[in-house]
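In what follows, a structure is listed as structure tokens, so that the remarks can point back to it.
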Amino acid sequence: MTDLTLRHGLWSSRLAFVLAASGSAIGLGNIWKFPYLAGDNGGGAFVLVYLLCVVAIGIPIMMAETLLGRRGRQSPINTLRTLAAEAGAGGFWQGAGWLAVLAGFLILSYYSVIAGWAMAYILKVGGGFLNQSDAAAVRTAFLELKASPDLQVIWHTLFMLATLLIVGRGINDGIERATRIMMPALLLMLVLLDAYAMTTGSFQRGLAFLFQPDFSRLGGGSLLTAMGQAFFSLGLGMGSIMVYGAYLPDRASIAQSAWAVTLADTAVALAAGIAIFPIVFANGMEPTLGPGLIFETLPVAFAHMPGGALFGAVFFALVVLAALTSAIALIEPTIAYLSENRGLTRPEACLRAGLVCWLLGLGTVFSFNLWANRTWFGKNFFELIDFLTADLMLPVGGILVALFAGWVVESQVSEAELGSGRGYRLWRVTIRYLAPGAVGLVFLRAIGAI
Ligand code: PFF
């Protein structure tokens, strides 16, 4: 092992990497966003386009991030600095690392607040508080939670602490051990919920909503929506996969790992839809936009179903676990950087970064109550951070990673990491032309330039 691999440690196996990276990929994006988007954009037609984006753009960029990480063996900032210097390129590329690290950090600040809502719901739904409730009462309960800074701050604090406790323990004792337990637990819960939906829900109708291809509802914007979702869901462009790649043992196959992670992420997104829609339809409810679906619609459905309190609690525990393994990945690039450049131990780095991230999260909490009327560029604090990260930083980060891996890193280097052959040649063409071109399109569309 070199000094660099010793500094942070390595995953104990390729499986450990696949589990941790799948944990990063599988998150809130899979459980509430994907099912809704699919339902609203032509069901099976959207799923097809989404799969195309994932395979044609997602996998090549995931491979690029992993190979850069493994080659650089440091936080994204230092990895890009080192590799750019090696290739004789300018210091500009280090900026791409900064962008990625900052994006992950900002996303975590609001991700933690939303995951906190899910924590609150484990108790609310499991404790039967919402039992017998009609839709209006459940909606009021959700609004009350959003209106209460105190409650949200408590849950946000707990979620952040759980994240930091895991990350603070390091790669093997912390992240690897946690994902080794949490990922199978998550899978088990999902299978359980699918079975529940199968027996008590309107299974046929749910499946039809999700999978029946309706090409007339597949609008021009759907392609771009599918691509943006593929990016967010796979967790690309935020340095997480790059820093996880930095801990990947030398001989593990990057292509196989990327396929495994992508398959797991896609399977969970589909399985979440298969669990959610039959339950929604069984209660004569409509699938609604965004977070409302799981916090306003689903609890009503669970309240009316046999064993609903238990299965509702299981559902929200699933959301929390999925969010937790993503949160770990969102802050790891920052922690790696602080321990490399500021000489901090991991627990110290966690304490400082966690505090700043927690403070930023208060902005999201307040945007639903105390600061509800404060706007910047027409957006409240939460919307601003979401826009900055998901619509701006993430696609730019993705394009830069693709350009760096395709044009700056020498082909001998990428070939040594990925292995030669037809697969490699295909990857190289994709990463040089198709990926930056396609993601560039998403970006221009997001900022309203096209
Ligand atoms: N992929 C996560 C989701 O679908 O919710 C979000 C995410 C996690 C993005 C970790 C980026 C990341 F580094």
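For the range 345-370, the residues whose amide N sits under 17 Å from a probe point set 7 Å from the Cα of Thr157 along the beta carbon direction are 351-352, 354-366.
Evaluating kT/(6 pi eta Rh) at 20 °C and 1.002 mPa s, with the Kirkwood radius of the range 330-401 over Cα pairs in the Stokes-Einstein relation, gives 153 µm² s⁻¹. Evaluated on the chain, the Kirkwood hydrodynamic radius is 22.1 Å, with distances taken between all distinct Cα atoms.
Note on Leu359 and Ala147: with the Förster distance fixed at 22 Å, the Cβ-Cβ geometry gives a FRET efficiency of about 0.55. Over 10 Å intervals from 0, what percent of Cα-Cα pairs in the range 393-450 sits in each interval? Binned Cα distances yield the sequence 24, 46, 22, 8. Near Arg71: Cβ cut-off under 13 Å, other residues only, Lys/Arg at +1 and Asp/Glu at -1. The net charge is -3. For the chain, with a Gaussian network of springs between Cα atoms less than 10 Å apart, report the residue from Ala115, Ala56, Ala21 with the top mean-square fluctuation. So, out of Ala115, Ala56, Ala21, the one fluctuating most is Ala56.
The charge dipole of the chain, taken about the Cα centre with unit charges on the Cβ atoms of Lys, Arg (+1) and Asp, Glu (-1), comes to about 480 debye, rounded to the nearest 20. Full extension of the chain segment joining Trp98 with Leu441 gains 121.2 nm, where the gain is 0.36 nm per residue of separation less the Cα-Cα distance.
Placing unit charges on the Cβ atoms of the charged side chains and taking the dipole of the chain about its Cα centre, the candidate lying farthest along the positive direction among Gln229, Val125, Gln204 is Gln229.
Along the axis of the charge dipole computed for the chain (Cβ charges of +1 for Lys and Arg, -1 for Asp and Glu, origin at the Cα centre), the listed residues Gly363, Thr79, Gly437 are led at the positive end by Thr79. Given 20 °C and 1.002 mPa s, compute D for the range 313-450 with the Stokes-Einstein relation, Rh being the Kirkwood radius over Cα pairs; round to the nearest whole µm²/s. Approximately 116 µm²/s, per Stokes-Einstein. Using a Förster distance of 51 angstrom, determine the FRET efficiency expected from the C-beta separation of Arg205 and Asp386, and round it to 0.05. For R0 = 51 Å, the calculated efficiency reads 0.95. Take the convex hull of the alpha carbons in the range 173-248; its mean projected area over all directions comes to 7.6 nm². Summed over all non-identical Cα pairs, the Kirkwood treatment of the range 20-92 gives a radius of 14.7 Å.
Counting Lys +1, Arg +1, Asp -1, Glu -1, what net charge surrounds His156 among other residues with beta carbon under 13 Å of its beta carbon? Neighbour charge sum, excluding His156 itself: 0. Using the Cβ-Cβ distance between Glu286 and Phe129 with R0 set to 22 Å, the FRET efficiency from 1/(1 + (r/R0)^6) comes to roughly 0.40. What is the helix-to-structure angle for 254-282, meaning the angle in degrees between its Cα long axis and the longest Cα principal axis of the chain, kept from 0 to 90 and rounded to the nearest 10? So the inclination is approximately 10 degrees.
Note on Arg432 and Val55: the extension gain reaches 134.1 nm, defined as 0.36 nm multiplied by sequence separation minus the Cα-Cα distance.
Positive contributions from Lys and Arg (+1) and negative ones from Asp and Glu (-1), summed over other residues with Cβ under 12 Å from the Cβ of Leu234, come out at -2.
With helices as the sole contributors, the chain gives -23000 deg cm²/dmol at 222 nm; each DSSP H run of n ≥ 4 counts as -39500 (n - 2.57), and the sum is divided by every residue. Multiplying the residue separation of Trp376 and Arg180 by 0.36 nm and removing their Cα-Cα distance gives an extension gain of 66.4 nm. For the range 160-318, the mean projected area of the C-alpha convex hull, equal to one quarter of the hull surface, is 11.5 nm².
Bear in mind that the values in this text are calculations on the coordinates, not laboratory data. Computed from a predicted structure; not experimentally measured. Heads up, the Cβs are rebuilt from the backbone with ideal geometry, glycines too, and the neighbour counts pull from every protein chain shown.
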